[in-house]
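**Student:** The structure is given below, and queries will be raised subsequently.
The values are calculated or read from the model by the stated rules, or taken from the named source; none is laboratory data. In this text, all values refer to a predicted model and were calculated from it rather than measured experimentally. Here the Cβ is made from the backbone with ideal geometry for all residues, glycine too, and neighbour counts use every protein chain on show. With ligands, DNA and RNA removed, areas are computed over all heavy atoms of the protein, side chains included. Shrake-Rupley method; radii C 1.70, N 1.55, O 1.52, S 1.80 Å.
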Amino acid sequence: MPIEPVSRVLLRDQAVTLIRSAILSGELPPGSVVKDSALAGRLGLSVAPVRTALARLADEGLVESKPQSHTRVTPLVLRQVRDAAVVVRAMHELAVAEAAPAVTAADVTAMRAANRRFAVAVATGDLDTALAADDELHDVLLARCGNGAVRATIDRFTPAVRRLERQRFAAAHGHGSVVLHERLISACANGDVAAAVSTTTEIWTALLSELEETPDERS
């Protein structure tokens, strides 16, 4: 087996995952200044993969850099989160439209299992598990869709939405999502593309409605 230079790429990806998680959880709060050397020390990495990770997170809108000044976690500007949520909704609608006709029995089983985990997490107030299960459910359809551009766009804009979701997550919203998830799964199982797409729209519109009810914040 040929030796390939993969370690730097893996370190970069690991740094992206860890720093993104710290931002989404609030460990690195909105507006906080981040220094690549300090982050590298905390992560046990060299500065190079951390700088590469911060550049990628800047593309996701999670950090911003000012030349000759500093890099900081971007403040939560609700208008920008709403804009991102609209794009994510459109991409999920497209993914479901392409995936629903090809959904397999195994896909349905996987989605139902994810929704059960989601329901239990919502009932117990386990936000991390709830969001992970939600991602797992929708990832089944994204994988079945197989559209790389759709996946890339969702990966690009979802973190901004998730950051606000973590702050505003409510049990009532979660219980409603359990029902909508089950409706989506049933539509896919029955090959009802129109119902699957409309339910996906309803899932994301519910989130957007909550954002619309929240006053904008600016830094």
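**Student:** From A172, A143, grab the single residue that is part of a helix (DSSP H, G or I) and either among the charged types (D, E, K, R) or modelled with pLDDT of 95 or more (or both).
**Tutor:** Numbers: A172 fails: either among the charged types (D, E, K, R) or modelled with pLDDT of 95 or more (or both).
So the residue among A172, A143 that is part of a helix (DSSP H, G or I) and either among the charged types (D, E, K, R) or modelled with pLDDT of 95 or more (or both) is A143.
**Student:** So, of the residues in the stretch 49-60 that are of a type in the set (G, A, S) and open to solvent by 30 Å² or more (accessible area, probe 1.4 Å), which turns out to be farthest from the chain's Cα centre (by Cα)? Full working, then the answer.
**Tutor:** Let us first name the residues in the stretch 49-60 that are of a type in the set (G, A, S), namely 53, 55, 58.
Next, from what is left, pick out any that are open to solvent by 30 Å² or more (accessible area, probe 1.4 Å): 55, 58.
Values: A55: 18, A58: 15 Å.
Filtering the stretch 49-60 for residues that are of a type in the set (G, A, S) and open to solvent by 30 Å² or more (accessible area, probe 1.4 Å), the one farthest from the chain's Cα centre (by Cα) comes out as A55.
**Student:** Every residue in the stretch 61-95 that is over 22 Å from E210 (Cα atoms), of a type outside the set (K, R) and more than 16 Å from the chain's Cα centre (by Cα), please.
**Tutor:** Pass one, the stretch 61-95, residues over 22 Å from E210 (Cα atoms): 63-73, 94-95.
Now narrow it down to the ones that are of a type outside the set (K, R): 63-65, 67-71, 73, 94-95.
Hits for the stretch 61-95 are E64, S65, P67, Q68, S69, H70, T71, V73, L94.
**Student:** Can you name the residue in the stretch 112-136 that is in a helix (DSSP H, G or I) and acidic (D, E) and, of all such residues, is farthest from V161 (Cα to Cα)? Write out each step before concluding.
**Tutor:** From the stretch 112-136, those in a helix (DSSP H, G or I) are 112-124, 127-136; that's our starting set.
Adding the requirement that they be acidic (D, E) leaves 128, 134-136.
Numbers: D128: 15, D134: 13, D135: 13, E136: 16 Å.
Among them, the one singled out is E136.
Residues checked against (1) at pLDDT below 90; (2) part of a helix (DSSP H, G or I):
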site	(1), (2)
E182	no, yes
A187	no, yes
G191	no, no
V197	no, yes
T200	no, yes
L207	yes, yes
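**Student:** Follow-up question, since we're still on this one. In the list L45, L10, which residue meets the criterion of being exposed (fewer than 13 other Cβ atoms within 10 Å of the Cβ) and either more than 15 Å from P159 (Cβ to Cβ) or free of Cβ contacts under 8 Å to residues at least 24 places away in the same chain (or both)?
**Tutor:** Numbers: L45 fails: exposed (fewer than 13 other Cβ atoms within 10 Å of the Cβ).
One residue alone meets the criteria, L10.
**Student:** Just the residues that are modelled with pLDDT of 85 or more and either under 19 Å from V88 (Cβ atoms) or crowded, with 17+ Cβ neighbours inside 10 Å (or both), please, taken from the stretch 61-76.
**Tutor:** G61, L62, V63, T71, R72, V73, T74
**Student:** Look through A119, A99, A106 and report the one residue that is open to solvent by 40 Å² or more (accessible area, probe 1.4 Å) and either among the hydrophobic types (A, V, I, L, M, F, W, C) or touching a residue at least 12 places away in the same chain (Cβ under 8 Å) (or both). It would help to see each step written out before you state the result.
**Tutor:** On the way: A119 fails: open to solvent by 40 Å² or more (accessible area, probe 1.4 Å); A99 fails: open to solvent by 40 Å² or more (accessible area, probe 1.4 Å).
Checking each option against the conditions leaves just A106.
**Student:** For A152, state whether it is of a type in the set (A, V, I, L, M, F, W, C), within 30 Å of A55 (Cα to Cα) and touching a Gly at 6+ places or on another chain (Cβ under 9 Å). Full working, then the answer.
**Tutor:** Details: of a type in the set (A, V, I, L, M, F, W, C): yes; within 30 Å of A55 (Cα to Cα): yes; touching a Gly at 6+ places or on another chain (Cβ under 9 Å): no.
Here the answer is no, as A152 does not meet what is asked.
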